[in-house]
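The next block holds one structure in the form of structure tokens; read it before the comments.
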Amino acid sequence: MTEENALDLNNPALYINRELSLLEFNWRVLQQALDPNVPLLERLNYLCISSTNLDEFFEVRVAGLIQQIEIGDPYIESDQITAQECLKLINQRAHELVEEQYRVLNDVLLPELDQESIQVLPRAQWTDEHNAWLKDYFQEEILPILSPMGLDSAHPFPRLLNKSLNFIVSLVGKDAFGRDRGYAILQAPRALPRVIQLPPEMVAEGEYKFVFLSSIIHAFAEDLFFGMKIKGCFQFRVTRNSDLAIDTEETSDLLATIADELTQRNYGDEVRLEIAHNCPEDMVEFLRNECAMERDNVYLVNGPVNLSRIQTVCSLVDRPDLKFRPFTQGRPSGLSLDVDIFDALRKQDMLLHHPYQSFTPIIDMIRQAAADSSVLAIKQTLYRTGAKSPIVDALVSAAQAGKEVTVVVELRARFDEEANVALASRLQEAGAHVVYGIVGYKTHAKMLLILRRENGKLRRYVHLGTGNYHRSTSRIYTDYGLLTSDKQIGEDVNNLFIQLTSLGKIPQMHKLLHAPFTLHEGLLAKIEKEIDSAKADKPARIIVKVNAVVEQEMIQAFYRASMAGVKVDLIVRGICCLKPGVEGLSENIQVRSIIGRFLEHTRVFYFENQGSPEIWAGSADLMKRNLLRRVETCFPIESKKLRNRIMEDLELYLTDNTQAWILNADGRYHRVDKEESAPQISAQTTLLEQMAKSF
């Protein structure tokens with residue numbers, strides 16, 4: 001493979017399966033739980049995150065594959081394997097991942113927590129005092145809420161809530177009506193805590209002792225079946241399809257349709273069954289048949305069936321020495337607390353880098369606008385904001401103050417639909433104009449536009465971001481936000497808002513690239529320009545930092561760039577379907593993933609541009625849905641000072657030797673090899689030291 005024209009870039013062998021790549025990301029997250037350089041309670045937190053991630057993977061990705069098989073849709077990813085084959089590969093890797101999760105919990109984390117006087121007590125370690133207190137707790141706090149269900153023709157196997165904690169109970173003896181009993185099902189209400197902390201009087205100073213809810217129910221379940229004996233009691237959990245099935249073309253009221261559909265989310269089709277590892281085979285088969293599950297989708301686990309619930313321990317234990325060191329987010333010098341933001345932006349563009357720098361200036365900007373008599377209108381997109389959002393509070397205040405407030409709310413932001421329905425209703429009640437984007441195209445762009453009358457003319461102030469308007473996630477996701485009063489960018493953003501509300505065609509943009517119209521072809525054109533430069537022996541380089549690289553034409557463009565001699569560095573947090581390091585194809589491409597304290601979320605594109613570097617940032621990943629089926633923005637960083645700052649950040653990520661993983665051509669990753677004499681470099685730690693205050 002030495003010449004481009006000798007290669008078939010559509011060859012499925014040149015691509016990594018996207019579902020397996022996503023599982024590999026979750027594997028890297030799990031490895032953080034084994035990293036001795038990470039504080040112990042944070043390691044436990046990473047284990048829980050890997051469990052939550054895997055839940056969502058089954059609820060969405062696996063569920064989607066099963067649906068494709070049921071309706072006969074072909075699997076159309078670049079690697080071209082069938083949906084059936086993909087499910088087999090997923091099951092194999094997912095079983096390995098689950099087995100590793102419970103090994104990490106039982107053999108590594110729980111023993112190390114024990115050494116720090118933090119114990120999760122199994123029943124075998126309960127003292128008489130523990131037993132008495134827990135019995136009282138069961139009688140007073142748990143038993144009154146439970147509703148066990150004996151199974152017979154009048155009490156068929158129940159429809160279980162998605163991811164709920166359940167028990168199958170094998171009974172011996174006659175019930176109150178003189179009939180022999182077999183099985184009963186017991187569902188633990190979600191109102192009950194899954195981890196119970198023993199009271200201070202039962203532990204020594206500095207000690208923490210916890211008991212799983214499942215252990216308490218196991219111990220005292222016979223109190224629920226008076227007159228019968230329990231032969232066995234085993235926990236299990238069903239994961240269901242949680243994607244909302246909405247035909248946007250057939251509904252006349254998207255808000256009402258989504259609100260109605262949310263009530264059904266917890267009862268989608270079954271996609272996974274987790275059962276305690278010591279459950280007898282006949283009971284496993286009973287549950288498998290009742291849940292209509294294939295054997296490959298049954299997971300026997302040695303511990304609580306929902307690992308993510310152990311996250312409670314992290315919040316209940318007051319041990320700062322076992323957690324990440326707290327920090328106070330920094331703030332650019334030009335955006336101090338008492339500054340007039342509009343005055344500051346007339347002088348220069350500002351760049352925020354979360355979480356190292358505060359999200360507060362964006363909230364302050366809207367609050368100032370709400371109180372400013374010169375401000376006429378505010379327009380904003382909202383994708384994920386959180387249930388109690390200061391952004392929404394500020395928009396409500398602006399609407400109530402008589403400003404023209406237009407908000408494009410994406411109701412279909414997965415797993416945030418309920419919160420978005422609520423905030424849309426609240427904004428409407430305050431008098432804001434609320435629209436729900438474009439039918440068939442999720443609005444994923446992150447835009448804020450403020451129109452202000454100055455000296456008799458309108459001036460536009462803009463925020464464009466790579467991440468959501470969500471204050472909480474801004475402390476754990478890395479994102480860039482550009483604040484500018486640039487006239488042409490303001491006009492572009494205004495035109496895009498007009499398109500989102502009027503549905504009309506948009507004039508040619510001055511500076512922005514936007515999906516689904518110009519972003520895909522614009523990025524491809526910039527890659528082709530680097531290819532031409534390399535062929536002409538001119539400087540050529542590409543650096544891309546995104547969350548996912550999936551779209552086939554983009555991957556093929558990177559392959560062509562590599563074959564032309566362009567050095568391509570891809571910093572990809574999650575899914576990457578490109579195979580790096582293949583002779584004659586991708587020797588000039590390196591793919592690295594940074595897994596650390598913060599979730600890498602920035603989307604940045606660097607092009608050498610024959611010695612006049614361009615840097616772009618945006619809301620889109622390199623996925624087909626983002627580039628061709630969503631409303632996205634990509635904006636240039638034109639200030640030389642800000643471009644240099646982002647370039648320094650990118651170089652940090654490319655030299656990171658503590659939190660970086662390198663992608664192999666087989667789809668697996670290995671940790672970056674650090675030379676013994678080399679200093680440790682952590683991009684996240686360095687940026688935290690540069691921009692935030694630790695305490």
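What's the number of the condition Thr263 fails, among (1) buried (at least 16 other Cβ atoms within 10 Å of the Cβ); (2) modelled with pLDDT under 50; (3) closer than 29 Å to Gly150 by Cβ?
Here Thr263 meets the rest and fails (1).
One residue is enough: does segment 89-99 have a residue meeting the conditions open to solvent by 30 Å² or more (accessible area, probe 1.4 Å) and under 21 Å from the mean Cα position of the chain (by Cα)?
Kept after step one, since they are open to solvent by 30 Å² or more (accessible area, probe 1.4 Å), are these residues of segment 89-99: 89, 92, 95-96, 99.
With the extra rule that they be under 21 Å from the mean Cα position of the chain (by Cα), the set shrinks to none.
No; the residues of segment 89-99 include none that is open to solvent by 30 Å² or more (accessible area, probe 1.4 Å) and under 21 Å from the mean Cα position of the chain (by Cα).
Where residues in segment 55-77 are in contact with a Leu (Cβ under 8 Å, 6 or more places away or on another chain) and within 15 Å of Leu20 (Cα to Cα), which of them is modelled with the lowest pLDDT? Quick ask: steps written out before the conclusion?
Step one: list which residues in segment 55-77 are in contact with a Leu (Cβ under 8 Å, 6 or more places away or on another chain), which gives 57, 61-62, 65-66, 69, 75.
Checking which are within 15 Å of Leu20 (Cα to Cα) leaves us with 57, 61-62, 65, 75.
Details: Phe57: 95, Arg61: 92, Val62: 93, Leu65: 90, Tyr75: 68.
Checked segment 55-77; the qualifying residue modelled with the lowest pLDDT is Tyr75.
Is it the case that Ile646 is more than 25 Å from the chain's Cα centre (by Cα), surrounded by 21 or more Cβ atoms within 10 Å (Cβ to Cβ) and at pLDDT 95 or above?
Working: more than 25 Å from the chain's Cα centre (by Cα): no; surrounded by 21 or more Cβ atoms within 10 Å (Cβ to Cβ): yes; at pLDDT 95 or above: yes.
No.
For segment 391-460, which strands (runs of 3 or more DSSP E) that fit wholly inside it have 3 or more residues that are closer than 22 Å to Ser474 by Cβ? Show your work before the answer.
Working: elements: 404-409, 433-435, 447-454.
Fully inside segment 391-460 and qualifying: 404-409, 447-454.
If Gln400 passes every condition in (1) closer than 20 Å to Val339 by Cα; (2) open to solvent by 40 Å² or more (accessible area, probe 1.4 Å); (3) not hydrophobic (A, V, I, L, M, F, W, C) but one, which one does it miss?
(1)
Kindly indicate the residue of segment 403-419 that is under 22 Å from the mean Cα position of the chain (by Cα) and either at pLDDT 75 or above or of a type outside the set (D, E, K, R) (or both) and also most open to solvent (accessible area, probe 1.4 Å) among those meeting that condition. Walk me through how you get there before you give the answer.
Initially, segment 403-419 is screened for residues under 22 Å from the mean Cα position of the chain (by Cα), giving 408-419.
Checking the rest, the ones that are also either at pLDDT 75 or above or of a type outside the set (D, E, K, R) (or both) come to 408-411, 413, 415, 419.
On the way: Val408: 1, Val409: 1, Glu410: 0, Leu411: 0, Ala413: 0, Phe415: 80, Ala419: 28 Å².
Ranking the qualifying residues of segment 403-419, first place goes to Phe415.
Of everything in segment 224-250 that's at pLDDT 90 or above and not hydrophobic (A, V, I, L, M, F, W, C), which residue is farthest from the chain's Cα centre (by Cα)?
Here the residue is Lys231.
Quick one: Arg625 ticks every box in (1) modelled with pLDDT of 95 or more; (2) among the charged types (D, E, K, R); (3) surrounded by fewer than 20 Cβ atoms within 10 Å (Cβ to Cβ); (4) within 25 Å of Leu513 (Cα to Cα) except a single one, so which number is it?
Condition not satisfied by Arg625: (1).
How about segment 318-343: which of its residues are closer than 30 Å to Ser374 by Cβ and either of a type in the set (A, V, I, L, M, F, W, C) or surrounded by 11 or more Cβ atoms within 10 Å (Cβ to Cβ) (or both)? Even if it seems obvious, please write down each step before you answer.
Taking segment 318-343 and keeping what is closer than 30 Å to Ser374 by Cβ, we get 329-343.
Result: Gln329, Gly330, Arg331, Pro332, Gly334, Leu335, Leu337, Val339, Ile341, Phe342.
Does segment 402-412 contain at least one residue that is more than 14 Å from Leu448 (Cα to Cα), in contact (Cβ under 8 Å) with a residue 40 or more places away in the chain and hydroxyl-bearing (Ser, Thr, Tyr)? If you could, list the steps in order and put the result at the bottom.
Step one: list which residues in segment 402-412 are more than 14 Å from Leu448 (Cα to Cα), which gives 402-403, 410-412.
From what's left, in contact (Cβ under 8 Å) with a residue 40 or more places away in the chain: 411-412.
Cutting the leftovers down to hydroxyl-bearing (Ser, Thr, Tyr) gives us none.
Taking every residue of segment 402-412 in turn, none turns out to be more than 14 Å from Leu448 (Cα to Cα), in contact (Cβ under 8 Å) with a residue 40 or more places away in the chain and hydroxyl-bearing (Ser, Thr, Tyr).
Restricting the first residue to segment 65-87 and requiring it to be small (Gly, Ala, Ser), which pairs with a second residue that is assigned to a helix (DSSP H, G or I) meet a Cβ separation below 6 Å and a spacing of at least six or different chains?
Cβ pairs passing all conditions: Ser78/Gln552; Ala83/Leu65; Ala83/Gln68; Ala83/Ile69.
Suppose we keep only residues that are free of Cβ contacts under 8 Å to residues at least 24 places away in the same chain and among the hydroxyl-bearing types (Ser, Thr, Tyr) within segment 478-521. Which one would you say is least open to solvent (accessible area, probe 1.4 Å)?
Here the residue is Thr518.
When segment 112-129 is examined, which residues are found to be open to solvent by less than 50 Å² (accessible area, probe 1.4 Å) and either acidic (Asp, Glu) or over 14 Å from Tyr208 (Cβ atoms) (or both)?
Trp126
Select from segment 555-571 the residues that are part of a strand (DSSP E or B), in contact with a helix residue (DSSP H, G or I) (Cβ under 8 Å, 6 or more places away or on another chain) and free of Cβ contacts under 8 Å to residues at least 60 places away in the same chain and list them in ascending order. Before the answer, list the steps.
Restricting attention to segment 555-571, the residues satisfying the condition of being part of a strand (DSSP E or B) are 567-571.
After this cut, where a residue has to be in contact with a helix residue (DSSP H, G or I) (Cβ under 8 Å, 6 or more places away or on another chain) as well, the list is 568-571.
Selection gives Val568, Leu570.
Residue-wise test of (1) without any contact (Cβ under 8 Å) to a residue 24 or more places away in the chain; (2) farther than 30 Å from Gln348 by Cα; (3) more than 22 Å from the chain's Cα centre (by Cα); (4) open to solvent by less than 30 Å² (accessible area, probe 1.4 Å).
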{"site": "Asn657", "(1), (2), (3), (4)": "no, yes, yes, yes"}
{"site": "Gly667", "(1), (2), (3), (4)": "no, yes, no, yes"}
{"site": "Glu675", "(1), (2), (3), (4)": "yes, yes, yes, no"}
{"site": "Gln680", "(1), (2), (3), (4)": "yes, yes, yes, no"}
{"site": "Thr686", "(1), (2), (3), (4)": "no, no, yes, no"}
{"site": "Ala692", "(1), (2), (3), (4)": "no, no, yes, yes"}
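For segment 506-522, does any single residue satisfy the condition of being modelled with pLDDT of 95 or more, in contact with a Pro (Cβ under 9 Å, 6 or more places away or on another chain) and not in a strand (DSSP E or B)?
Yes, segment 506-522 contains a residue that is modelled with pLDDT of 95 or more, in contact with a Pro (Cβ under 9 Å, 6 or more places away or on another chain) and not in a strand (DSSP E or B).
Does segment 152-165 include one or more residues that are in contact (Cβ under 8 Å) with a residue 12 or more places away in the chain, in contact with a Cys (Cβ under 9 Å, 6 or more places away or on another chain) and open to solvent by 30 Å² or more (accessible area, probe 1.4 Å)?
First, the residues of segment 152-165 that are in contact (Cβ under 8 Å) with a residue 12 or more places away in the chain: 152, 157-165.
The next check asks that each one be in contact with a Cys (Cβ under 9 Å, 6 or more places away or on another chain); those that pass are 157, 160.
Right, trim to open to solvent by 30 Å² or more (accessible area, probe 1.4 Å) and you get 157.
Yes, some residue in segment 152-165 is in contact (Cβ under 8 Å) with a residue 12 or more places away in the chain, in contact with a Cys (Cβ under 9 Å, 6 or more places away or on another chain) and open to solvent by 30 Å² or more (accessible area, probe 1.4 Å).
Each row is one residue, and each column tells you yes or no for (1) touching a strand residue (DSSP E or B) at 6+ places or on another chain (Cβ under 6 Å); (2) open to solvent by 50 Å² or more (accessible area, probe 1.4 Å); (3) of a type outside the set (S, T, N, Q); (4) over 15 Å from Ile555 (Cα atoms).
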{"position": "Glu583", "(1), (2), (3), (4)": "no, yes, yes, yes"}
{"position": "Ile589", "(1), (2), (3), (4)": "yes, no, yes, no"}
{"position": "Arg597", "(1), (2), (3), (4)": "no, yes, yes, yes"}
{"position": "His601", "(1), (2), (3), (4)": "yes, no, yes, yes"}
{"position": "Glu608", "(1), (2), (3), (4)": "yes, no, yes, yes"}
{"position": "Ile637", "(1), (2), (3), (4)": "yes, no, yes, yes"}
{"position": "Val672", "(1), (2), (3), (4)": "yes, no, yes, yes"}
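Could you please tell me which pairs satisfy a Cβ distance under 6 Å, a separation of 6+ or placement on different chains, a first residue in segment 357-372 that is under 14 Å from Val396 (Cα atoms), and a second residue that is outside any helix (DSSP H, G or I) and open to solvent by less than 10 Å² (accessible area, probe 1.4 Å)?
Close Cβ pairs satisfying both conditions: Ala369/Val375; Ala369/Ile378; Ala369/Ile450.
Does Arg475 satisfy the condition of being open to solvent by 60 Å² or more (accessible area, probe 1.4 Å) and farther than 23 Å from Thr501 by Cβ? Spell out how you get there, then give the answer.
Numbers: open to solvent by 60 Å² or more (accessible area, probe 1.4 Å): yes; farther than 23 Å from Thr501 by Cβ: yes.
For Arg475, the condition - open to solvent by 60 Å² or more (accessible area, probe 1.4 Å) and farther than 23 Å from Thr501 by Cβ - is met.
The values are calculated or read from the model by the stated rules, or taken from the named source; none is laboratory data. The structure presented is a predicted model; accordingly, all values stated were derived computationally and were not measured. Virtual Cβ from ideal backbone geometry, glycine too; neighbours counted across all protein chains shown. Just so you know, the surface numbers come from the protein's heavy atoms only, side chains and all, with ligands and any DNA or RNA stripped out. Shrake-Rupley method; radii C 1.70, N 1.55, O 1.52, S 1.80 Å.
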